[in-house]
Amino acid sequence: MRILLVECRAQRAASILSRLNHDGHAVDWEASLCGAQSVFWSVDYDLAILNPEAGANLEATLRWLEQCRRAGITTPILVLSPFEEARHRIRALDAGADDCIAGPIDLDELAARARCLLRRRNAHPLAEVTVGPLTLNRDQRLALTKQGALVLTAKELSLLEYLMLNTGRVLSRLAIAEHVWDDAYRCQSNVIDVIMARLRRKLSSAGCDGLLQTVRGSGYVLKEAA
């Protein structure tokens with residue numbers, strides 16, 4: 001899934017990025033709310049994670065949250081609060097945050113809360129998603145068929161997850177790029193087609209032939225056989 005991380009400290013951002021990348025997410029990093037605003041309002045992110053600093057930046061974060069919600073942006077937002085006092089977390093939640101973690105931040109807890117918010121975002125509250133003979137455990141990052149576990153790269157697994165969460169829906173290359181790749185991806189690249197072909201071969205070899213289909217001129221769709 002595509003996540004926006006707003007974190008002013010490069011070292012801490014690198015730790016969070018590494019943990020989220022480990023779960024297969026594509027993460028864009030911005031060091032300030034000012035830099036994040038334009039991309040957040042123009043890209044259909046699956047989740048945003050904000051880590052405000054003390055003082056004025058906390059107030060700016062609260063105003064930013066309120067502006068986003070007034071503008072009708074429904075993207076889940078997770079705030080990493082630098083304060084232990086409950087009143088600060090309550091203010092963030094009232095301003096529009098969907099969840100709030102008090103510091104110091106545990107990266108495994110952060111990853112788990114991100115997974116929870118992403119499940120709600122995609123209308124799949126359960127960790128497992130099944131399409132025909134294929135089951136994906138989103139928490140364990142494991143795809144299973146009757147023949148056993150599929151050997152997939154992190155990107156193939158993220159791509160499969162996005163397809164399964166949108167079963168029966170034709171997904172354009174642009175939509176796939178926006179949700180599975182970060183902002184370093186270039187749309188003119190054929191990377192999506194290459195990885196999609198590789199994923200299709202692996203699915204076919206595992207007894208899921210025909211599950212992943214190309215819709216000429218439109219994109220790709222994952223659907224059960226009629």
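The values are calculated or read from the model by the stated rules, or taken from the named source; none is laboratory data. None of these values were measured; they are calculated from a predicted model. All Cβ positions, even for glycine, are placed from backbone atoms using ideal geometry, and neighbour counts span all protein chains on display.
Data table
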quantity: All positions within the stretch 10-33 that are crowded, with 18+ Cβ neighbours inside 10 Å and not in a helix (DSSP H, G or I); calculated: Asp23, Gly24, His25, Ala26, Val27, Asp28, Trp29, Glu30
quantity: Which listed residue is among the hydrophobic types (A, V, I, L, M, F, W, C), outside the structural domain of Glu30 (by TED's automatic domain parsing) and surrounded by 19 or more Cβ atoms within 10 Å (Cβ to Cβ), from Val180, Val170; calculated: Val180
quantity: Residue selected from the stretch 58-81 under the condition crowded, with 17+ Cβ neighbours inside 10 Å and modelled with pLDDT under 85, by the criterion farthest from Arg120 (Cα to Cα); calculated: Leu58
quantity: Qualifying residue in the stretch 140-159 (condition: surrounded by 15 or more Cβ atoms within 10 Å (Cβ to Cβ), in a helix (DSSP H, G or I) and free of Cβ contacts under 8 Å to residues at least 60 places away in the same chain); calculated: yes
